Amino acid sequence: MKFLMGIGEGFREIRAHKFRSFLTMLGVVLGVASLLAMFALTEGIATGYREVMSQMGGLERVKVRVEPVPAHQESIRELSPGRTYKDALALRMNAPLLSWVSPELDLYLAVRRGDKAETFEVIGIEEDYLHTERHNLEYGRFLTDIDRRDHNRVCVIGRGVIERLWEDPEAVPLGESVRIGNEFFRIVGIFQRYESERDKKKRELRAKEAPPAQGPGAKTGKRSRWSTFRFKNDVVVVPITTFTTVFKNTKQAGTPDEGAELKLDDLNVQVADLNMFEEALAQIRQILMVTHRGIEDFSVETRQEMFDEMNAAMRNLHMSFGIIAGISLLVGGIGIMNIMLASISERIREIGIRRAVGARSGDIFGQIVIESTVLAALGGVAGLGAALLLMKLLVAISPVQNRPVVHMSAVIMSLTFAVGVGVLAGLYPAWRAAKLSPIEALRYE
Amino acid sequence: MSLIELRDVRKIYRLGEIEIRALDGVSLEIHEGEYAAIVGPSGSGKSTLMHILGCLDRVTEGYVRIDDVDVSRAGGDRLARTRNEKIGFVFQSFNLLPRLNVLENVELPLVYSGVSRAERRSRALEAVGAVGLSDRTHNKPNQLSGGQCQRVAIARALVNNPRIILADEPTGALDSKTGRTILDLFRELSQRGHTVALVTHDANVAAEARRQIVIRDGKIV
Ligand SMILES: Nc1ncnc2c1ncn2[C@@H]1O[C@H](COP(=O)(O)OP(=O)(O)OP(=O)(O)O)[C@@H](O)[C@H]1O
Ligand SMILES: [Mg+2]
C-alpha cells in the first residue's frame, strides 16, 4: 500500500522535473544499452565460434599424428611400419569406443573441365570420411564400398569446385566428368555449400537482386576468403583404392622411402561418447602401440586445447566488455545519486513538512530509495529500447562477421542491473534525508 | 490528569562559546479542552516552546508528557506517531507541499497513519468543508490566497481529529481581516472540544483566550 504510493510519488517527482529526470536517466540508458550490446556482441562472436567448431568436426574428432621416433628408440626404429592403412583397420576392429575411422591419402592436383583448370586438394577416402568431417551430401550419392572394391573412377566434389570450374555456381553436374591429373573421373555426388549464417544471407540477397550472369565471359564465383568453410568447399574426394592405383603408384609399397607398407597421409577418428573421451584416447594409444611394435612414433591430437583456448578467449571478451558496461552503469548510478542528492536538498522543507505531519524517518528513506529506483528502472527500459534499436542497425549495416544475438537472459540481467544501481544510488541520499530531525528540515531555507 | 505536562524544561543552544537558553526552566500544565494563548516579546522562546509541545524538537533537559506519552524520552518513531495522531500543527508560513493540490495536502497525515485511499478522500473532503474551501479542492497552493492557504493548513491539522491543535503565529503572514477569520476558526475548534494553544501578538485574541501564558527570556512569568 505505502509501497505503491511511493512508486506513484516517484513518478510524480519525475514528471515534475522532466528534463532533469531525462538527463539523469541518460546515464542509466547508456549503461543498460552498452551492457546489452556487450551481451549481444559476445554472444554473436560465440555463435560464430561454435559454428566454425562444429564444421571442423567438434570435440569428438581426434587425429593420429606422425611423430619423430624418440631418441632412446632410435636403434630399433625399423620395427615400426609407421602410420599405415593397417592402423585404420586395427582401430576399426578393436576400438569399440570409436564410432568412425577415416584413413586418408591426399595430393594437390590439377582438376580440369574443358579448358579450365584449377588445383584442388584431392583426397582418397573411405565411407567413414563423410562422418568424421561432418560432410553433407546435397546431390547424388556418396562413395561406397563397391566403388572401393572395383577401384571405380568416380568422385564427389565440393561446391567450391563447381564455383570455379562451372559458369553457374549453382550448377548440378552429376554424371559429368572432370579430369583429375591425367585420368577422367565421373561426378556421382556433390556436397552442400558450407558457409556462415551471415554469408548465406548475403548470398541469398545478392541472388535475389541480380540473377547470376550467364554465357561467355561471365565471371565465375571468386574464391571465398580463407576460412574453415573454404577448406571444406574446395575438395574432391575419390575412393582410397582408386587413389592408390592412379595417383600414388610412385609411392606404392616397397619403394625405399615408404617402407614395406603404404603410409597414410591422414588418419582421423571420431570418439563415440564424449563422456568416455579419455578412455577412448587410451584405447587408440594401446592399439597403435601394438601395430607400431612399441615404437612411439605417433601421437593422438585432440581439439581440447583449441577449445579451451577459444573458451578462455570468450571469457576474456565477456570480462572486458563487462567492465566497460559496468563502468558506464556506475557512471549512470553516480548521476542518479547526484540528482537525488540535489533533489533532497531542494526538498528538505518538503521532508520537514512530511515529518511534521507524522512521517517516520523510515518513510522518508523508503520514498527516496523508491524514487531513485523508479528513475533507474525507467532508464533501464529506455536503454533496452535503445539497445534493441542499435542492434537492428548493427545487424543491418555492419560488416562484422559475427552478428549480435540478443538473449532473453541478457535482457533480464541488464534490467536487474539497472534496478540494482537505482537502489544503491538511492541509499546514500535516502540516509541523508532520513537522518534530518523534523525541526532542522523545517527551518532549512 | 492534565493533557500536557512540562517540568523544568530547558532548551539550550550552544553556538561556540556562547550559550543561548531559549527555554530556561519551564514548567507548565495544559488541560483537556483549554484554549491557551502564548504571548511574549520577540526572542522570548515562544516558538521553541511550541516546537517542543509539537514533538518537532527535543528538550535539552526536563520532562515532557503529552497525553500518556513521555515524549522527552521517546524514540523517533514514537514521536512521529504522536505528531500524527495527537497533534495538529499550524505554521506561520503555512508549509503546504507546492506540488500537491488542496485535497492531497490535507490527506497527507492520513497517508502516514495508513488510512485507506477511499477513507482518506472522504475525511479530507470533510476537513476541507469545515474550513469552507469545498470549491477549491483541486487547486495547487500557488493558486490560493494567503488566508486560503492557512485554511488548508488548518484542515490538514484537523483531518486526523487530533486532541491538540498548536499554532505558531498563524495570522502573522496575513492582514488583520483575514487573520480574524482564521482566529474565528480556532475559537470554533476550541468550542468543539479540541485543546488549542496558539502563539499570538494580537491583544484581542489573547484577551479572548481563557488562559494566557506569558513568557519572557525563556521563563514563564
Ligand atoms: N536553532 C537555533 N540555534 C540557535 N539559537 C536559536 C535557535 N532557534 C532559536 N534560537 C534562539 O532561541 C531564542 C528563542 O527563539 P524563539 O524562536 O523561540 O523566539 P520567539 O519567541 O518565537 O520569537 P519571535 O516572536 O520573534 O518568533 C532566540 O534568542 C533565538 O535566537
Ligand atoms: Mg517565533
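Report yes if B:I213 is under 27 Å from B:L49 (Cα atoms), open to solvent by less than 10 Å² (accessible area, probe 1.4 Å) and either within 16 Å of ligand 2 (Cβ to nearest atom) or without any contact (Cβ under 8 Å) to a residue 60 or more places away in the chain (or both), otherwise no. Yes, satisfied.
The rows are residues; the columns are (1) away from ligand 2 (no atom under 16 Å from the Cβ); (2) part of a helix (DSSP H, G or I).
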{"residue": "B:E85", "(1), (2)": "yes, yes"}
{"residue": "B:Q92", "(1), (2)": "no, no"}
{"residue": "B:N95", "(1), (2)": "no, no"}
{"residue": "B:P98", "(1), (2)": "yes, no"}
{"residue": "B:E126", "(1), (2)": "yes, yes"}
{"residue": "B:H138", "(1), (2)": "yes, no"}
{"residue": "B:P170", "(1), (2)": "no, no"}
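Let's see how each residue does on (1) polar (S, T, N, Q); (2) within 14 Å of another protein chain (Cβ to nearest Cβ); (3) within 13 Å of ligand 2 (Cβ to nearest atom):
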residue	(1), (2), (3)
B:L15	no, no, no
B:E19	no, no, no
B:A22	no, yes, yes
B:E29	no, no, no
B:I38	no, no, yes
B:S47	yes, yes, yes
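Any chance you could count how many residues in the stretch B:74-120 are within 16 Å of ligand 1 (Cβ to nearest atom) and more than 26 Å from B:K46 (Cβ to Cβ)? Qualifying residue count, the stretch B:74-120: 0. With respect to A:F19, is the statement that it is assigned to a helix (DSSP H, G or I), open to solvent by 80 Å² or more (accessible area, probe 1.4 Å) and in the same structural domain as A:R315 (by TED's automatic domain parsing) true? Considered against the rule, which asks whether it is assigned to a helix (DSSP H, G or I), open to solvent by 80 Å² or more (accessible area, probe 1.4 Å) and in the same structural domain as A:R315 (by TED's automatic domain parsing), A:F19 comes out as yes.
Might you check whether a residue that is facing chain A (nearest Cβ under 10 Å) and surrounded by 17 or more Cβ atoms within 10 Å (Cβ to Cβ) occurs anywhere in the stretch B:58-72? So far as the stretch B:58-72 goes, yes, one or more of its residues are facing chain A (nearest Cβ under 10 Å) and surrounded by 17 or more Cβ atoms within 10 Å (Cβ to Cβ). Here's a check for you: in the stretch A:321-364, which residue that is assigned to a loop (DSSP other than H, G, I, E, B) and within 8 Å of another protein chain (Cβ to nearest Cβ) is surrounded by the fewest Cβ atoms within 10 Å (Cβ to Cβ)? Among residues in the stretch A:321-364 that are assigned to a loop (DSSP other than H, G, I, E, B) and within 8 Å of another protein chain (Cβ to nearest Cβ), the one surrounded by the fewest Cβ atoms within 10 Å (Cβ to Cβ) is A:R360.
A Cβ distance below 9 Å, combined with a sequence gap of six or more or placement on separate chains, defines the contacts here; from the stretch B:45-60, residues that are near ligand 1 (Cβ under 9 Å from one of its atoms) reach residues that are charged (D, E, K, R) and open to solvent by less than 20 Å² (accessible area, probe 1.4 Å) in the pairs B:K46/B:D168; B:S47/B:D168; B:M50/B:D168; B:H51/B:D168.
A single member of B:R123, B:R163 is away from ligand 1 (no atom under 16 Å from the Cβ), among the charged types (D, E, K, R) and touching a residue at least 60 places away in the same chain (Cβ under 8 Å), and it is B:R163. Evaluation of A:R50 against the conditions (1) surrounded by fewer than 16 Cβ atoms within 10 Å (Cβ to Cβ); (2) outside any strand (DSSP E or B); (3) assigned by TED's automatic domain parsing to the domain that holds A:W166 shows that the sole unmet condition is (3).
The values are calculated or read from the model by the stated rules, or taken from the named source; none is laboratory data. Since we're looking at a predicted model, the values are computed, not measured. Please note: Cβ atoms are built from the backbone with ideal geometry, for glycine as well, and neighbour counts cover all protein chains shown. Areas reflect the complete protein model, heavy atoms only, side chains present, ligands, DNA and RNA absent. Shrake-Rupley method; radii C 1.70, N 1.55, O 1.52, S 1.80 Å.
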